[in-house]
Amino acid sequence: MQSSILNQSIRLNNGVEMPVFGLGVWKTKSGNECVEAVNWALEAGYRHIDTAKIYGNESDVGRAIRESGIPRDELFITTKLWNGDQKNPRKAIEESLKSLGLDRVDLYLIHFPVGSTRKQAWKELEKFYKEGLARAIGVSNYMIPHLQELFEYAEITPTVNQVEYHPFLNQNELLNTCKKNNIVLEAYSPLAHGQRVSDAKLLDIAKKYGKTPAQILIRWAIDKGMVVIPKSVRKERILENSQVFDFKLSQEDLNEIETWNENFRTCWDPTGA
Ligand SMILES: NC(=O)c1ccc[n+]([C@@H]2O[C@H](COP(=O)([O-])OP(=O)(O)OC[C@H]3O[C@@H](n4cnc5c(N)ncnc54)[C@H](OP(=O)(O)O)[C@@H]3O)[C@@H](O)[C@H]2O)c1
């Protein structure tokens, strides 16, 4: 029951269904820490895991999903092409698939729009999609100018743009550009990397709903039509972060949260890349 709720999905522009909620594993240490976090998430009903080659834990994600016994087609696994690999994406995706122990990923993303190599990298990802190595392809950290440039040479429109997004970095113009072009915006660092969970305004709203600040931030992302991938290595938080499908934020509170933007970035700034 829980897993079917957590499996609420959004249809990508190529028809693939992507769960709107998943576990991020950046900074989750390779070894027991990552295997346990993914195990706990799968037990709690998560079916979507977001990793990357540079996180150094693809093999742990692979181990955990194998050991879970959950059928492969019930899982949604994302990994990413690292910057230094953009000159040879084929070698990189082969290494990622080997580490994950998979013959294809559900989503393969260009991790960052490196100016000198992003075009050739996208053309390679298009081949991987056609060959079935990835059920969907997309980008990450693409701002509006990067997307506009990509539209000039892309044969295949990205399905997803994964960017930092939370109420304190509320990039509505980018979100609208993605929506207009049928690209799903996937919110990374949705908890502002854990740095704003004690914000007084957020605590007030959390109290009102009997929810935690993290749950409000995750629900907000879902209510805005985004995909959201909070990270935790703690069992109780992994569970807590998943308990966001039994409430919705009122229009009044959504409007209030819209006033919180501070352009507060916790991760890298792709503007100008
Ligand atoms: N494409 C990219 O360039 C990019 C960049 C950044 C992130 N991402 C992806 O997005 C995922 C999420 O982003 P993120 O890891 O930067 O940050 P996040 O999910 O916004 O926040 C994670 C931090 O919040 C803490 N936390 C988790 N649940 C909590 C809760 N319920 N209450 C209070 N604190 C909580 C975590 O600590 P504990 O682990 O100790 O619980 C951790 O320190 C990443 O793991 C990665 O998959 C992608």
### Summary
Scalar couplings 3J(HN,Hα) for region 80-88 by Karplus 6.51 cos²θ - 1.76 cosθ + 1.60 (θ = phi - 60°), nearest whole Hz, x for Gly and Pro, are 9, 7, 6, 3, x, 9, 5, 7, 9
### Query
Using θ = phi - 60° and the Karplus form 6.51 cos²θ - 1.76 cosθ + 1.60, what ³J(HN,Hα) does each residue of region 218-232 get, whole Hz, x for Gly and Pro?
5, 5, 4, 4, 5, 5, 8, x, 9, 8, 9, 9, x, 10, 7
### Query
Mind checking which of 51, 159, 212 has the largest fluctuation in a GNM of the chain, springs on alpha carbons under 10 Å?
212
### Query
Within the accessible area of the chain, what % is carbon and sulfur when the probe is 1.4 Å and the other protein chains stay in place?
47 percent
## Note on the structure
Amide H proximity to residue 169 below 5 Å, modelled H, separation 5+ or other chain, gives 262, 264
### Rg and Dmax of region 59-181, Cα atoms only, in Å
15.0, 43
### Summary
Computed over the chain, the distribution of all Cα-Cα distances in 10 Å bins, rounded to whole %, is 7, 32, 38, 20, 4, 0
### Message
Distance cut-off 30 Å, Cα to Cα: go down the list 130/235; 87/130; 119/180; 98/231; 80/180; 53/179 and report the pairs above it.
### Response
130/235
### Query
Taking springs between alpha-carbon atoms closer than 10 angstrom, which of 224, 91, 208 fluctuates most in the Gaussian network model of the chain?
208
### Message
Let me spell out the model: positive unit charges on the Cβ of Lys and Arg, negative unit charges on the Cβ of Asp and Glu, origin at the Cα centre of the chain. What dipole size does that give, in debye rounded to 20?
### Response
340 debye
#### Entry: Built amide H within the under 5 Å cut-off of residue 9, gap 5+
20
### Query
Leaving out same-chain residues fewer than 8 places away, which lysines sit with a Cα under 17 Å from that of residue 211?
201, 248
### Message
What's the ranking of 53-62, 233-242 by average number of surrounding C-beta atoms within 10 Å, highest first?
### Response
53-62, 233-242
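The values are calculated or read from the model by the stated rules, or taken from the named source; none is laboratory data. These numbers were taken from a predicted model, which means no experiment stands behind them. Using ideal geometry, Cβ is built from the backbone for each residue, glycine included, and neighbour counts are taken over all protein chains shown. Please note that ligands, DNA and RNA were not included when accessible areas were found on the heavy atoms of the full protein model with its side chains. Shrake-Rupley method; radii C 1.70, N 1.55, O 1.52, S 1.80 Å.
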